[in-house]
Amino acid sequence: MIQDIFPHKLDNHFYPARKPDANSYVMAFRHQDILVKGEEFPRVSSFSDDCREKLIYLFAVDEDYYFFLDARDETMALPDGYEFVNVRSFRRSGIAEKKNVFLAFTALQLANWYRGNKYCGICGKETHIDDRERALRCECGNVIYPRIVPAVIVGITNGDKILVTKYKTGFAHFALVAGFTEIGETLEETVAREAMEETGLKVRNIRYYKSQPWGIVDDILVGFYCDVDGDDTINMDEGELKVAEWRTREDIELQPDDYSLTNEMMKMFKEGRA
């Protein structure tokens, strides 16, 4: 999956005193676009002193440090040869190694959080970066932590078949039932509700498989398999899906890369390992 970047290792601890050096990497974002040259991220040495003063520490990978730069100011001087590319397009480009796609997704999650919480939602005053933990603080006492949104991926099985879907718009490849957890709801309840809402199926024997961070939409994805309970007639939610059908193991069409939890769950079932 996208986070499997071994032998590299992400260190996501917050080090408030960590400062960039000339060789540190800059994750410069303009809205949902990241600054790259091919698959390369720019180094601090490529930026002016004014830009360097605006850098915010993100994380480390191995011995390399990564910093966020809010580049929405279109008058900002940028390094030659680099261009802004939508993060989703960066994933689909085929030229970026998995590690760099994962780092772009994770950096975007933090970038969106920093940009979206510049001002306090309670009193409206400007927040400041905490000097002890990854948080934004306001003088009114409000503390804001990075947002992580739980969502489920649901592999509904029916003997040697699994239910696959295609979204009505957006992602074009086969996927599984999925959805966000609502207030006051357990993950298992989310599984049952999403199965019913998207396909009209009751499910049982809900069992956890694995989880995955998916920073591009602030998610922590939690994968479950479950069995259809009773009638296996599909009543598809046509507002969200264009395809919802049972597929035997040999007929499952996998996604073109190995980044997603969804694809791994389909692959596990296809190979008879789930």
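Bear in mind that the values in this text are calculations on the coordinates, not laboratory data. Note that the coordinates shown come from a computational prediction; the quantities given were computed from them, not determined experimentally. Here Cβ is always computed from backbone atoms with ideal geometry, including for glycine, and neighbour counts include all displayed protein chains.
Go through the chain and flag any cysteine with no other cysteine's C-beta closer than 4.7 Å, please.
Cys51, Cys226
Could you pull out the trypsin sites (Lys or Arg not before Pro) across region 168-274 that fall in loop regions by DSSP (anything but H, G, I, E, B) with no more than 11 other Cβ atoms inside 10 Å?
Qualifying residues, ordered by number: Arg273.
With the contact rule set at Cα under 8 Å and sequence spacing of 6 or more, what percent relative contact order holds for region 109-240?
For region 109-240, the relative contact order is 23 percent.
Provide the per-residue ³J(HN,Hα) series for region 47-53, in order, calculated from phi with Karplus coefficients 6.51, -1.76, 1.60 and θ = phi - 60°, each as a whole number of Hz, with x at glycine and proline positions.
Rounded to whole hertz, the list is 10, 6, 4, 4, 5, 4, 5.
Rounded to whole Å, give me the distance from the Cα center of region 208-251 to that of region 29-49.
Here the answer is 36 Å between Cα centres.
Note the per residue figure in Å³ for the convex hull of the C-alpha positions in region 10-116.
Measuring per residue, one finds 97 Å³ for the Cα hull of region 10-116.
Under 5 Å between amide hydrogens, which residues at least 5 positions from Ala28 or on another chain qualify, with H placed 1.01 Å from N in the peptide plane?
Amide H neighbours of Ala28: Leu35, Leu69.
Based on other C-beta atoms within 10 Å, arrange Ile162, Ile234 from fewest to most.
Listed from fewest to most nearby Cβ atoms, that is Ile234, Ile162.
With +1 on the Cβ of every Lys and Arg and -1 on the Cβ of every Asp and Glu, and nothing else charged, how large is the dipole of the chain about its Cα centre, in debye rounded to the nearest 20?
Working: 35 positive and 48 negative charges, 57 e Å.
With Lys and Arg at +1 and Asp and Glu at -1, about 280 debye.
Residue-wise, which Karplus ³J(HN,Hα) couplings in Hz belong to region 194-200, taking 6.51 cos²θ - 1.76 cosθ + 1.60, θ = phi - 60°, and x for glycine or proline?
Those phi angles translate into 5, 4, 5, 5, 8, 10, x Hz.
Percent antiparallel among DSSP beta bridges with both residues in the chain, to the nearest 5? Walk me through the intermediate numbers first.
Values: 43 of 57 bridges.
About 75 percent, rounded to the nearest 5.
For region 149-270, what is Rg from Cα atoms divided by 2.2 N^0.38 Å, rounded to two decimals?
0.96
Taking amide H atoms as placed 1.01 Å from N in the peptide plane, list the residues 5 or more away in sequence, or in a different chain, whose amide H sits under 5 Å from that of Tyr65.
Tyr25
What number, rounded to the nearest 500 deg cm²/dmol, is the helix-based mean residue ellipticity at 222 nm of the chain, given -39500 (n - 2.57) per DSSP H run of at least four residues and division by all its residues? Could the numbers behind the result be given before it?
Working: 5 runs with 52 residues, N = 274.
Rounded to the nearest 500, the figure is -5500 deg cm²/dmol.
Along region 245-261, what does the Karplus equation 6.51 cos²θ - 1.76 cosθ + 1.60 (θ = phi - 60°) give for ³J(HN,Hα), rounded to whole Hz, x for Gly and Pro?
Residue by residue, region 245-261 yields 8, 7, 10, 6, 4, 6, 9, 6, 9, 7, 6, x, 9, 9, 7, 9, 4 Hz.
Convert 20 °C to kelvin, take the viscosity as 1.002 mPa s, use the Kirkwood radius over C-alpha pairs of region 99-188 as Rh, and evaluate the Stokes-Einstein diffusion coefficient in µm²/s, rounded to a whole number.
Roughly 128 µm²/s, to the nearest whole number.
Leaving out same-chain residues fewer than 8 places away, which lysines sit with a Cα under 25 Å from that of Lys270?
Qualifying lysines at Cα under 25 Å: Lys98, Lys161, Lys166, Lys168, Lys202, Lys210, Lys242.
Might you report the magnitude of the Cβ-based charge dipole of region 149-270 about its Cα centre, with Lys and Arg at +1 and Asp and Glu at -1, to the nearest 20 debye?
Values: 13 positive and 24 negative charges, 63 e Å.
With only Lys, Arg, Asp and Glu charged at Cβ, the dipole is about 300 debye.
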